[in-house]
Amino acid sequence: MPCWSQAPASYDEGSDAERLDDRSILQGSELKIILFCCFFLSLPGARAQTVVGETPAAIGIVFTGGGSFGAFEAGALQGFFDRWVRDHGVAPPVRVIAGTSTGALIGPFVALGPDGVKEIADLYQNTKRRDIFGLKAAVLLPFALFSKWSSSVYNTDPLVRLLQERLPDDRIRRIAAMWPGTRAVVLATDFGNGQPALYSNAPDDIAQGLARMRDGALASASTPLTAPPVYMKSKGTQTVQPYFDGGITQVAPFQALFDIASQPPEIRLTHVIVISPDHHVVLQNVFGLEFVERVPGQVFSIVAIVPPGVLVRDHHVQPRRVGAL
């Protein structure tokens, strides 16, 4: 569900932070999965302007679906950025960003750096439902008539205007210019075939129009029946298809993250952060065999940032060596 919430977008910095020393850096082919219950942290070996072994730190961030609880994701993100800048004096080395559903509304702002992070956190804290949705008159009809005349309860005209204001073409152009050093992708679902559709700042995507990333974020945040689908041309064709909520196909878009990171020149991620308001999403998508089979044949740490109150545990998984994507 694509709406913002008035839930706080910042949290008490006095919360206990889990801090890992350099011994936590992965050894050999081990994949270490670390679940945090609070977001003020220092990633192992990823200090600004330092390296993990001989590899410069490269962080990937995954934003999951969560509807109005995206306010947690935006607030946790700002807390992480603020803490990193305070400790290191520079922004964290975020190289790849993937978002779906409410996370697709957050991802492009991360590519804009600390100012973009602050802007999206403020939006989630202060934007009201009427700034996102408009109620359709058809909702007053009996259901039999409503189902014939309307595809959704709400229209997203206010959200369309908000995205055009906050992510205008000049900002999309700035994000496009960051490729290949910084990569951002949002994920929607193709209504025609039920498959994920990716919209990124890669040159071939941008060549199809600056509005595609903005429209992709809108589509990803459009929950069926709640909001209407977004009609766009399929990639590389002139066929217009309806697209909607990316969370239907990938509620945690790890595959999209790895796909965009693997495009040449490949980015070898040293750390992956998943920010989610629902720890069940993290457990289902990270601590299962399916995730282990999908990861590229490389070693990195995974940090999950979820709401307080979730048990903090260290997980050690022996991944299959499946080769780079």
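The values are calculated or read from the model by the stated rules, or taken from the named source; none is laboratory data. Owing to the predicted nature of the structure, the values given are computational and were not obtained by experimental measurement. Using ideal geometry, Cβ is built from the backbone for each residue, glycine included, and neighbour counts are taken over all protein chains shown. When the accessible area is computed, the model is the full protein with side chains, heavy atoms only, and any ligands, DNA or RNA have been set aside. Shrake-Rupley method; radii C 1.70, N 1.55, O 1.52, S 1.80 Å.
One table, with the values for the structure above:
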quantity: Contacts under 7 angstrom Cβ, first residue in region 155-181 being within 11 Å of Leu218 (Cβ to Cβ), partner modelled with pLDDT under 95 and assigned to a loop (DSSP other than H, G, I, E, B), 6 or more apart; calculated: Thr156/Phe133; Thr156/Ser222; Thr156/Ala227; Thr156/Pro228; Leu159/Pro2; Leu159/Ile132
quantity: Meets criteria (at pLDDT 90 or above, in a helix (DSSP H, G or I), touching a strand residue (DSSP E or B) at 6+ places or on another chain (Cβ under 7 Å) and of a type in the set (Val, Ile, Thr)) for Ile273; calculated: no
quantity: Positions within region 194-238 being assigned to a loop (DSSP other than H, G, I, E, B), touching a residue at least 40 places away in the same chain (Cβ under 8 Å) and open to solvent by 60 Å² or more (accessible area, probe 1.4 Å), in sequence order; calculated: Gln195
quantity: Within region 245-256, tally of residues that are closer than 25 Å to Asp131 by Cβ and either open to solvent by 30 Å² or more (accessible area, probe 1.4 Å) or at pLDDT 90 or above (or both); calculated: 3
quantity: Selection status of Ser10, surrounded by fewer than 19 Cβ atoms within 10 Å (Cβ to Cβ), at pLDDT 50 or above, closer than 30 Å to Asp131 by Cα and not hydrophobic (A, V, I, L, M, F, W, C); calculated: no
quantity: Within region 109-131, tally of residues that are over 19 Å from Ile175 (Cβ atoms) and without any contact (Cβ under 8 Å) to a residue 40 or more places away in the chain; calculated: 1
quantity: Residue within region 167-188 that is surrounded by 14 or more Cβ atoms within 10 Å (Cβ to Cβ), modelled with pLDDT under 95 and among the β-branched types (Val, Ile, Thr) present; calculated: no
